[in-house]
Amino acid sequence: DAGVTQSPTHLIKTRGQHVTLRCSPISGHKSVSWYQQVLGQGPQFIFQYYEKEERGRGNFPDRFSARQFPNYSSELNVNALLLGDSALYLCASSLVLVGAHGYTFGSGTRLTVV
Amino acid sequence: DQQVKQNSPSLSVQEGRISILNCDYTNSMFDYFLWYKKYPAEGPTFLISISSIKDKNEDGRFTVFLNKSAKHLSLHIVPSQPGDSAVYFCAASASNRGNEKLTFGTGTRLTIIP
């Protein structure tokens, strides 16, 4: 049974560019969340989607956006990249919306902005 | 404002002994607490959780204790094994607000010495 799949695993972008990160949740999971983990810190909540609707947004600028597709996969988009956006971006899926247990994380996408 | 704090960045424990990882929180709305384990190049893996209505939850070698009055929780691992060497994150959510957002601490790197 496949876990949470994220692509790409690594990428390097230049300041000012745009990036799209992708996530496929565990089959049957309808909730997808995105987290940013900067080196030396814990993951920080960016977005949560459930049934294709945004259910939560963290304290991130409007340069960050996301969406969830009918098959429950999700994209995270970041515009006008800054050096500070360099981080590990984690996607997590869960079966239900309420109840924090049951989050399964993917291995993440390592984004480096130069 | 760090709502979940792990004040020990690192901890070394002899194999076979008890490992105790600590976590403090400030937000009294948190009602669910989780511990995640993270190996390099992998996403966090759910370890154990506890609801605010309990003060202890046990799963094999892992036990989590919650002291609501002190806003403190701890993870006990006994006996510690070399495979337990990883970064451990404490996380909390206010699930009664219908929000599954997890707030993470900064992590504690546990090293088990053979």
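The values are calculated or read from the model by the stated rules, or taken from the named source; none is laboratory data. Source: prediction; values computed, not measured. Glycine also receives a Cβ, built like all others from the backbone with ideal geometry; neighbour counts cover every protein chain displayed. Just the protein is used for accessible areas: all its heavy atoms, side chains included, with ligands, DNA and RNA removed. Shrake-Rupley method; radii C 1.70, N 1.55, O 1.52, S 1.80 Å.
For the reader, a short list of remarks on this structure follows.
- Per-pair calculated FRET efficiency, R0 = 22 Å: B:Leu11 and B:Glu42 via Cβ, rounded to 0.05: 0.65
- Each Cα pair under 8 Å and six or more residues apart adds its sequence gap; the mean of these over the residue count of chain B is a relative contact order of 37 percent.
- Ranked order, B:Asp24, B:Asp84 - accessible area, probe 1.4 Å, largest first: B:Asp24, B:Asp84
- In loop segments of the stretch B:1-61 as defined by DSSP, the GluC sites (Glu not before Pro) with at most 16 further C-beta atoms inside 10 Å of their C-beta are B:Glu15, B:Glu42.
- For the stretch B:4-113, share of DSSP beta bridges that run antiparallel, in % to the nearest 5: 90
- Neighbour cut-off at most 15 other Cβ (10 Å), DSSP loop, trypsin sites (Lys or Arg not before Pro), the stretch B:28-58: B:Lys54
- Based on C-alpha pairs under 8 angstrom that are at least 6 apart in sequence, chain A has a relative contact order of 37 percent.
- Extents of chain B, largest first, come to 44, 29, 21 Å (Cα atoms, principal axes, whole angstrom).
- Legend: residue pairs A:Lys13/B:Lys5; B:Lys38/B:Lys71; A:Lys52/B:Lys71; A:Lys30/B:Lys68; B:Lys38/B:Lys68; A:Lys52/B:Lys5, Cα-Cα distance threshold 29 Å; pairs beyond threshold, A:Lys13/B:Lys5; A:Lys52/B:Lys71; A:Lys30/B:Lys68; A:Lys52/B:Lys5.
- Annotation for the stretch A:31-114: GluC sites (Glu not before Pro) lying in DSSP loop with at most 12 further Cβ atoms inside 10 Å of their Cβ are A:Glu51.
- For A:Arg22, solvent-accessible area (1.4 Å; no DNA, RNA or ligand), Å²: 120
- Difference of contour (0.36 nm per residue) and Cα-Cα distance, A:Ala2 to A:Asp62: 18.4 nm
- The listed residues B:Ile18, A:Ile12, A:Ile26 rank as A:Ile12, B:Ile18, A:Ile26 when sorted by accessible area, largest first, using a 1.4 Å probe.
- Computed FRET value (nearest 0.05) for A:Leu95 with A:Glu75, which takes r as the C-beta separation and R₀ as 25 Å: 0.75
- Solvent-accessible surface (1.4 angstrom probe) belonging to A:Val113, in square angstrom, nearest 10: 10
- FRET E, pair B:Ser51, A:Lys13, Förster distance 45 Å, beta-carbon r, rounded to 0.05: 0.65
- For the protein assembly as shown, projected area of the alpha-carbon convex hull averaged over all directions, nm²: 12.4
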